[in-house]
Amino acid sequence: MTIIKSISGIRGTIGGKPEENLTPIDAVKYAASYGTFLKKKYPDKVIKVVIGRDARISGNMIQNLVQNTLIGMGINCIDLGLSTTPTVEIAVTKENALGGIILTASHNPKNWNALKLLNKDGESLSANDGDEIFLIAEKNDFNFSGIDDLGNIKSNLTYIDYHIKKVLNLKYTNNKAIKDSNFTVVVDGVNSTGGIIVPKLLDKLGVNYIPIYCDPTGEFPHNPEPLEENLSDLSKAVISNKADLGIVVDPDVDRLAFIDENGEMFGEEYTLVACADYILSKKIGNSVSNLSSTLALSKVTEKHGGKYFASAVGEVNVVELMKKKNAIIGGEGNGGVILPEFHYGRDAIVGIALFLSLLAERELPASKLKKTYPEYFSSKNKITLGPEMNVDSLLLKMSNKYKNYKPITIDGVKINFENSWVHLRKSNTEPIIRIYTEADSKNKAHELAKKFIEELKKII
C-alpha cells in the first residue's frame, strides 16, 4: 500500500518497496525533509530535536535511521529511547527544542510504524507545515552538512519520571484520596511503553496494580487499539482479581480506556466525559471534542455551566479550537484527553490521574460513576464507492437535502437531530464514506445509520 501522509505524520508498514511501505529509504527521506523544513524555518539557530519511540520491533531501526539523518544535516538530537507520545511532547518544551519526532504507529498492528512530527511547542504540525515537508520530500530538496558541521546525539532517559512527577504535582491530582482509596487495578500495557510508565505512575500514587502485557517487547498480544472487542483478557483479569478497575492504553500512550469492576467496558468515549466532569466540577469553563465524539460531553459541560464546541476530526484541529475557545478540557472520543494546563496533547497518564481522583472523591465504583452520565450509543459503518464517484458531490447533496437542520460541513457533513446525530466523512486513503451515528439507544443508532446508508445508495 502507499505510505499514508497526513498532519498525523508519515505512516506505513515495514518492509517492501519504497513509497509503498515505510522502508529505510523512506525513513531517511522524510527525516531529511523534516530536517530541511526546520533549517529553513530557523536559519540562524542551532537546531535541537527530541526523539522517542514506542516499543515496536522496528522502532530501534527506524530511530537510528532518523537520528543519523538529522545529525547528517547538522541537527542535534535528544534521544529519549523507549518513551510515549505525551512524554516526548513535554520534553520538547522542557529542552527548548525546535521540534520533536515520535516513532509510533499508534493503534496500528506491530508491522506498522510512523514518524509523528512536532513543532517547537511539542504539538502536532499544522496542515501547512505538513504540506511544506511533503513538497520538500517530493522534490528531494536536501542539503547535508560537511564534516565540521555534523550534529550530535545525546541520550536522556529521565523524561518518563519527569512526566510522572509533573502529573503527581498537578493541582487536580488528588494524591491523598487516591492512596486512601486502596484501589486495585489491572494494567494492560499492550507490551509497549505503557507497560513502563503506567505501573510507575500507579506505584507513586499508592495504587495496587496487577500488570498484564507490560513487557515492552513490541509483540502486541492483541489488536492494540483499546476497543472492547480487543480487551477480553483485561476484562477476565479484572474479574478474577476482584479489581476495582482495568486500565489499557495504546502503544504510544495517548489513548486511554477503562474496564469497570464488573469486567464491563466503561466506554472509550466516556474516558474524556469522566475526566471533563472532574475538571469542570473544579473550574467552570468550556470543552472541545471532534465532530464524531459523544453528545455526553456537551451535556456534562452544560451541566457545569460551560459551553461545548466541536472541531474537525484530528488532534491538531481539536487543539486549535481549544485555544480559540479558551477551553479548559478537551480531546477526542477515542480515549484521548487533553488538559491544556498540562500541555496541548492527548495524554493517557494525565487521564489516569484525573479518573482515579474522580473515583476517589466521589467514592463510587466505576460502574456507578458511568450511570451518572447521559447514556448514548454509537454505530460506525462505511459504504464503498466506485473510483469514478465524486465523494464531495455526494456529501454536498446530503448537506442540501438536510439544509433545514443546519448541517456542519467543516469535516464532511454532520447533521444534528434531537438527541442523535449522523456524521458522514470521506476517507483520505480509501474510496469510502464513513457513516458515524449516535443516539440514546443501540437500536436508534443502528436504524439512523441504516437510513443514511440507504439514502446514499440512492444517489450514488
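FYI, it's all coordinate maths here, none of it is from the lab. In this text the structure is predicted, and so the values were computed from the model without any measurement. Cβ atoms come from the backbone with ideal geometry, glycine included; neighbour counts cover every protein chain shown.
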* Radius of gyration and maximum dimension Dmax of region 377-459, Cα, Å -> 12.1, 37
* **Rg and Dmax [Cα atoms of region 226-357; Å; Rg one decimal, Dmax integer]** => 14.4, 46
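Given that compact globular proteins tend to follow 2.2 N^0.38 Å, what is the ratio of the alpha-carbon Rg of the chain to that value? Spell out each step's value before the answer.
On the way: Rg = 22.1 Å, N = 460, 2.2 N^0.38 = 22.6 Å.
So the chain has a normalised radius of gyration of 0.98.
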* Provide the FRET efficiency to the nearest 0.05 for the E20-S145 pair, computing r from the beta carbons and using R0 = 35 Å. => 0.70
* To do: Would you mind finding the longest exposed-site-free stretch of the chain, with exposed GluC sites (Glu not before Pro) meaning DSSP loop and at most 10 other Cβ atoms within 10 Å?
  => 1-362
* Structure fact -> Taking Rh as the Kirkwood radius computed over alpha-carbon pairs of region 4-157 and applying Stokes-Einstein at 20 °C with viscosity 1.002 mPa s, one gets a diffusion coefficient in µm² s⁻¹ of 143 µm²/s
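Just to confirm the filter: which trypsin sites (Lys or Arg not before Pro) across region 248-303 are DSSP coil and have at most 15 other Cβ within 10 angstrom of their Cβ?
K283
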* Once all Cα-Cα distances of region 96-202 are split into 5 Å bins that start at 0, what whole-number percent is in each one? -> 2, 8, 10, 16, 18, 15, 11, 9, 5, 3, 2, 1
* Structure fact -> The summed charge of the T36 Cβ neighbourhood (under 15 Å; Lys/Arg +1, Asp/Glu -1) stands at 0
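Taking N as the number of residues in region 315-460, what is its Cα Rg relative to 2.2 N^0.38 Å? Before the final figure, lay out each step's value.
Values: Rg = 18.3 Å, N = 146, 2.2 N^0.38 = 14.6 Å.
This ratio for region 315-460 stands at 1.25.
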* Structure fact -> Check: C-alpha center region 399-416 vs C-alpha center region 1-40, spacing in Å is 35 Å
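Quick check on the chain: helices-only [θ] at 222 nm, where DSSP H runs of length 4 and up contribute -39,500 (n - 2.57) each and the sum goes over total residues. Nearest 500, please. Intermediate results must be reported in sequence, preceding the final value.
Details: 15 runs with 175 residues, N = 460.
Helices in the chain give a 222 nm mean residue ellipticity of -11500 deg cm²/dmol.
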* Would you mind pulling out the separation of the Cα centroids of region 223-246 and region 425-460, in Å? => 29 Å
* Structure fact -> Counting sequence-distant residues (5 or more places) and residues on other chains, those with an amide H built under 5 Å from that of S58 are none
